[in-house]
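Contents: one structure, followed by commentary.
The values are calculated or read from the model by the stated rules, or taken from the named source; none is laboratory data. All figures in this text were calculated on a predicted structure; none of them were measured in a lab. Because the Cβ atoms are built from the backbone with ideal geometry, glycine has one as well, and the counts that use them run over all protein chains shown. Accessible surface is based on the protein model in full, side chains and every heavy atom, while ligands, DNA and RNA are left aside. Shrake-Rupley method; radii C 1.70, N 1.55, O 1.52, S 1.80 Å.
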Amino acid sequence: YQKYKHVPVLDYKERQWPNKEIQKAPIWCSVDLRDGNQALIEPMVVEEKLEFFNLLVKLGFKEIEIGFPSASQLEYDFLRTLVDRKMIPDDVRVQILCQCRQHLIDKSFEAIKGIKNVVFHIYNSTSTLQRDVVFHMNREEIKQIAIEGTRMVKEGAKNFDGNLWLEYSPESFTGTEMDFALEVCEAVKEVWQPTVERPIIFNLPATVEMNTPNVYADQIEWMSSHFTEREKIILSIHPHNDRGCGVAATELALLAGAERVEGTLFGNGERTGNVDILNVAYNMFSQGINPELNIENVNEIIEVTERCTKMGVPPRHPYAGKLVFTAFSGSHQDAISKGMQALHERNSAIWEVPYLPIDPSDVGREYEPLVRINSQSGKGGVAFVLEQYYGFKLPKEMHKELADKIQAMSETQGEVSPEQIMDTFRNMYIDAKE
Ligand code: KIV
Ligand code: ZN
């Protein structure tokens, strides 16, 4: 471990994140079709991108980064197909990514012709490491790239008919000195001249997640409180997940003042992925906050995503994995059973069931088995399965005897299905009596 240096990023004492709790959904921007797609072993073809775009629209995304049309013919064609087939709803902003280079910016303007609402996203890398080993440029030279890029977009925008917003990302922000990140953003703002009605988006990416989530949040808070004309800025975050903390980093950054989140469905993206927007949104949902995304049918989201990306959703993925509403252990099954019963008896509007943070039916999972019976299950679980699957309330006196029998079966065969439990019950108590 001695070969890794601690990355010192901040030198200030006060930590006063403005929000103590997340109270409302941020502006969501899906980067599935760009950051997510560029990380696929088999990138999506146009038809797959079209289907994915439709899914994102259906989920309620109002900002969708569709790719890098000036650098990829496929992404150019995809964008033109969206336009030709009139697939972009009026209330959706199409976002395109572009480097700060004249010919790419020109080509991007060609690609976005006829689109009503566009976010033109330019970026350049600002971190100490990239300045040193990749670009061999000093701070001033790096800042000039951003300024020039902004000028080029401003010039091109004069001949563009739609509504065009600028997004600027100091790429590798998490490895950049805060005062320099601020200096570059302020210089971009000076050129662009945003207004309250047409704010500029500053997207501060954790291009590589380098630190604990609170440090990212501190960086966001620092930027948020040092920007001038804050009301003309939308502060966006773009967390990656290298330390496995993308969701936590997002939530803390929202507390620290971020207003917009870029991420992907199920966290697809470079290396360990971008932040999983669905995870953040379901977390909000499970705490009574409207996520402002239509995420009630997780099965459909999984189905389209898996088909288009050819990547599977892991069985323990929060809210979406196959196993997340399954209880294996007897004590859990028993508690779930009692919790469900209490909910029913009290006719409670508030979901409170042990071990089930949300009602599975809220995400379209009501038909999935909640309880599976194996050697870890207790007697409550067996009775619960009979009631769940067959509406049959097993008399209390029979709980232990039947559960012992099922447990013995599971020790030799593994999991016991609800049908086998019912058959065993019949054999023991009905057939035996006849
Ligand atoms: O991760 C990143 O920094 C990016 C930028 C292009 C925003 O994807
Ligand atoms: Zn990224």
Q) Roughly how many whole Å is it from the C-alpha centroid of region 16-54 to that of region 327-342? A) 36
**Q.** Along each principal axis, Cα extent of region 251-316, largest first, Å
**A.** 35, 28, 20
(Q) Given a 1.4 angstrom probe, I'd like the percentage of the accessible area of the chain that is carbon and sulfur, rounded to a whole number. (A) 51
Q: Return the FRET efficiency for the residue pair Asn427, Glu270: r is the Cβ-Cβ distance, R0 is 56 Å, and the value is rounded to the nearest 0.05.
A: 0.50
Q. What residue among Leu104, Leu254, Leu402 has the largest mean-square fluctuation in a Gaussian network model of the chain, using Cα springs under 10 Å?
A. Leu402
Q | Residue-by-residue Karplus 3J(HN,Hα) for region 53-70, coefficients 6.51, -1.76, 1.60, Hz, glycine and proline x | A | 4, 4, 4, 4, 5, 4, 6, x, 5, 9, 9, 9, 7, 9, x, 10, x, 7
Q) If you take the Cα Rg of the chain and divide it by 2.2 N^0.38 Å, with N the number of residues, what do you get? A) 1.18
**Q.** Nearby lysines by direct alpha-carbon distance to Lys5 (threshold 27 angstrom, same-chain neighbours under 8 apart not counted)
**A.** Lys13, Lys143
Q. Nearest 0.05, what FRET efficiency do Ile147 and Lys86 give at R0 = 30 Å with Cβ-Cβ as r?
A. 0.25
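Normalising by the residue count of the chain, find the relative contact order in percent from Cα pairs under 8 Å and 6+ residues apart.
14
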**Q.** Debye, to nearest 20: dipole size of region 72-118, +1 on Lys, Arg Cβ, -1 on Asp, Glu Cβ
**A.** 40
Q. Which residues does a label at Glu190 reach in region 129-147, if reach means a backbone N under 19 Å from a point 7 Å past the Cα toward the Cβ?
A. 138-147
Q.
Tell me the per residue accessible area of region 313-369 using a 1.4 Å probe; a whole number in Å² is fine.
A. 59
Q) Can you put Thr150, Thr128 in order of accessible area, largest first, using a 1.4 Å probe? A) Thr128, Thr150
**Q.** Folded to 0 to 90 degrees: helix 396-413 orientation relative to the chain principal axis, Cα
**A.** 70
Q | 222 nm mean residue ellipticity, helices alone, for the chain (DSSP H n ≥ 4; -39,500 (n - 2.57); rounded to 500) | A | -12500 deg cm²/dmol
Q | Cα→Cβ-extended label distance, 7 Å offset, between Gln23 and Leu129, nm | A | 3.7
Q: Could you name the lysines whose alpha carbon sits less than 27 Å from that of Lys338, not counting residues in the same chain fewer than 8 places away?
A: Lys322, Lys379, Lys393, Lys396, Lys400, Lys405
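Report the longest stretch of the chain that contains none of the trypsin sites (Lys or Arg not before Pro) sitting in a DSSP loop with at most 11 other Cβ atoms within 10 Å.
Of all site-free stretches, the longest is 159-270.
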(Q) Only sites in a loop by DSSP and with at most 16 other Cβ atoms within 10 Å count here; which GluC sites (Glu not before Pro) in region 145-239 make the cut? (A) Glu177, Glu197, Glu229
Q) After finding the eigenvalues of the alpha carbon gyration tensor for region 61-123, what semi-axes result from the square roots of 5 times each, listed largest first in whole Å? A) 18, 13, 9
Q. Counting alpha carbon pairs within less than 8 Å and at least 6 residues apart, what relative contact order, in whole percent, applies to region 1-130?
A. 20
